[in-house]
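Asker: Take this structure, written in structure tokens, and hold onto it; I'll ask about it next.
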Amino acid sequence: MGILKERFKAKADESAVEVKNLLKEHGSKTIGEVQLSQVYQGMRGITGLVSETSLLDAQEGIRFRGYSIPELQQKLPKAKGGSEPLPEGLFYLMLIGELPTEEDVHHISSVWQRRSHVPNHVFAAIDALPITAHPMTMFVSGIMALQTESNFAKRYAEGINKKDYWEPIFDDAMDLIARLPRIAAYIYRRKYKNSQHIQPNGLLDWSGNLAHMLGFENESFKELMRLYMTIHADHEGGNVSAHTTHLVGSALSDPYLSFAAGMNGLAGPLHGLANQEVVKWIFEMREELKTETPSKEQIEEYVKKTLSEGKVVPGYGHAVLRKTDPRFTAQMDFGKKHLADDPLVQTVWNVYDAVPPILQSLGKIKNPWPNVDAHSGALLVHYGMVEYEFYTVLFGVSRALGVMSSLIWDRALALPIERPKSVTTDLVKQWLKGEAEIWGE
Ligand code: NMX
Ligand code: MLT
């Protein structure tokens, strides 16, 4: 057993006992009430899941095992000469629950390097799709093709003992994370760079190598990738991609199947696809206004036009957050440090001035502030990655860190198959008249 697995097992054994005792003593306590409106409106605010890796506060934003993004930027190990955290360190923190040492982080980088081989049939599966296919379609197809490599699926077929499930899940999660940068870069180079692929560099960290295989050698782009991969990794358990991965995994579908399902959710425009929508929306605004630097007044008019057409303003709003997303702020800080004069980035900042008062004035939008997707694309465009349809793939590579560490925990804590109760409107009407009961278990 490797060091990381051993450490995880020690932590998980302890937690499993703790959770068992907690449930024995407090299992019947009421944790919240559910209103009928919540049942119809996306289960918003219902506590119904456990996810150990991160916790979202509506006012303050995300904390990973208790650490905010600025704290991670300060406390996690960096690449040599760099100042952004290495996402390998965040993975360690989410999995083990403690801050890693430099050595722990280098260990994970080298383990992922060792496990990063992608079999040829995965590339063939991607190549079978037309070049016009969306990068997220190629990404999910690549992940599904990789499922042939699942240790968990093999061990389950052989008849593995329940108490050992977590172990092949751990191996699959590590393999999958290690292989994703290669798959992502393959898709980018296939679709946009005439299939001129770049071989991995075994000396680089996980994000540095991703940047390299994408074809971006600029050190500051590598730093951006380290920051990007860190801040997109997790957003507690209820978001669509994390929840889907967890749900599908609860049927004991292996990590490849579960992650592919989560990525299909990430590909929706109200979730991860919003990062492409933001840049598309700004490009369309610039084209319509015939200027690269629209004024605040012009932006305000364009926002009102978007709303009047019954569309959402991409990158704004959130199901849980009620303040500016700290992931937006972290990217704004990166922008100020590295590329403050970039016109697109300045437009993103002007949009930040213009949009919230307009959304607020509508009276129905619970959060008028920007989320993570409002900023990410503009930074990528600055370095030359203008192909915005690709952006959600980068989000997906990062999200693997959170949802895979959570999936390992799910199996270590022996969480059961997920199966909430649903109702029909007819039953609700009968219940309201006192003619029927709504019962769970
Ligand atoms: N532009 C226009 N209308 C909005 C926006 C927005 N940015 N945000 C919310 N609304 C509308 C929403 O469509 C709903 O309208 P209606 O009552 O007519 O159905 C109303 O405001 C109330 O919605 P909320 O309760 O404030 O938001 P909800 O929790 O349902 O949805 C989002 C959250 C994130 C889906 C929503 O704010 C949105 O569509 N934002 C734009 C897309 C986006 O940026 N998504 C990325 C989220 C982050 N991520 O990476 O996943
Ligand atoms: C996320 O990062 O998953 C998004 O902000 C969506 C969410 O938390 O609901």
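Rule-based calculations on the coordinates, nothing more; no lab input. What you see is a predicted model; the values in this text were computed from it and never measured. Because the Cβ atoms are built from the backbone with ideal geometry, glycine has one as well, and the counts that use them run over all protein chains shown.
Asker: Using only Cα positions of the stretch 21-122, each an equal point scatterer, no hydration layer, compute I(q)/I(0) via Debye at q = 0.16, 0.21 Å⁻¹ and quote the log10 values to two decimals.
Answerer: Per q value, in the given order, log10 I(q)/I(0) is -0.88, -1.08.
Asker: Going by a ≥ b ≥ c, the root eigenvalues of the Cα gyration tensor, does the stretch 40-183 fall in the rounded group (a/c under 1.5), the prolate group (a/b larger than b/c) or the oblate group? Walk me through the intermediate numbers first.
Answerer: Values: a/c = 1.43, a/b = 1.30, b/c = 1.10.
Rounded is the answer for the stretch 40-183, as its axis ratio a/c remains below 1.5.
Asker: So if I place +1 on the C-beta of Lys and Arg and -1 on the C-beta of Asp and Glu, and nothing else carries charge, what would the dipole magnitude of the stretch 185-285 be about its Cα centre? I want it in debye, nearest 20. It would help to have the intermediate numbers written out before the result.
Answerer: Details: 7 positive and 9 negative charges, 84 e Å.
Computed about the Cα centre, the dipole is about 400 debye.
Asker: Now for a different question. What per residue convex hull volume, in Å³, comes out for the chain when only alpha-carbon positions are used? Let's see the in-between values first.
Answerer: Numbers: hull volume 73.0 nm³, N = 441.
Residue-normalised Cα hull volume stands at 166 Å³.
Asker: Give me the percent relative contact order of the stretch 1-150, please, defined on Cα pairs under 8 angstrom at least 6 residues apart.
Answerer: Details: 100 pairs, mean separation 18.6, N = 150.
That works out to 12 percent.
Asker: Over the Cα atoms of the stretch 240-310, what Rg and Dmax result, in angstrom?
Answerer: Calculated on Cα positions, Rg and Dmax stand at 18.1, 53 Å.
Asker: With an 8 Å Cα cut-off and a minimum separation of 6 or more residues, compute the relative contact order for the chain in percent. Can you show the working numbers first?
Answerer: Values: 609 pairs, mean separation 90.7, N = 441.
Rounded, it is 21 percent for the chain.
Asker: Can you pull the three principal axis extents for the Cα set of the stretch 70-125, in Å, largest first?
Answerer: Largest first, the stretch 70-125 extends 42, 26, 20 Å along its Cα principal axes.
Asker: Please report the projected area of the stretch 139-275's Cα convex hull averaged over all directions, in nm². The partial results should precede the final answer.
Answerer: Values: hull surface 37.2 nm².
Its Cα hull, projected and averaged over all orientations, spans 9.3 nm².
Asker: Over the residues of the stretch 343-441, compute the C-alpha Rg and express it relative to 2.2 N^0.38 Å. All intermediate terms of the calculation are to be shown ahead of the outcome.
Answerer: On the way: Rg = 22.3 Å, N = 99, 2.2 N^0.38 = 12.6 Å.
Relative to the 2.2 N^0.38 Å estimate, the stretch 343-441 comes out at 1.77.
Asker: Once the stretch 326-390 is represented by equal point scatterers at the alpha-carbon sites, with solvent omitted, what log10 I(q)/I(0) does the Debye formula produce at q = 0.15 Å⁻¹?
Answerer: -0.50
Asker: In addition: Quick one: grab the alpha carbon gyration tensor of the stretch 112-175, order the square roots of its eigenvalues as a ≥ b ≥ c, and give me rounded if a/c is under 1.5, else prolate or oblate depending on whether a/b is larger than b/c. Display every interim value, and only then the final one.
Answerer: Values: a/c = 2.81, a/b = 2.21, b/c = 1.27.
Here the stretch 112-175 falls in the prolate category.
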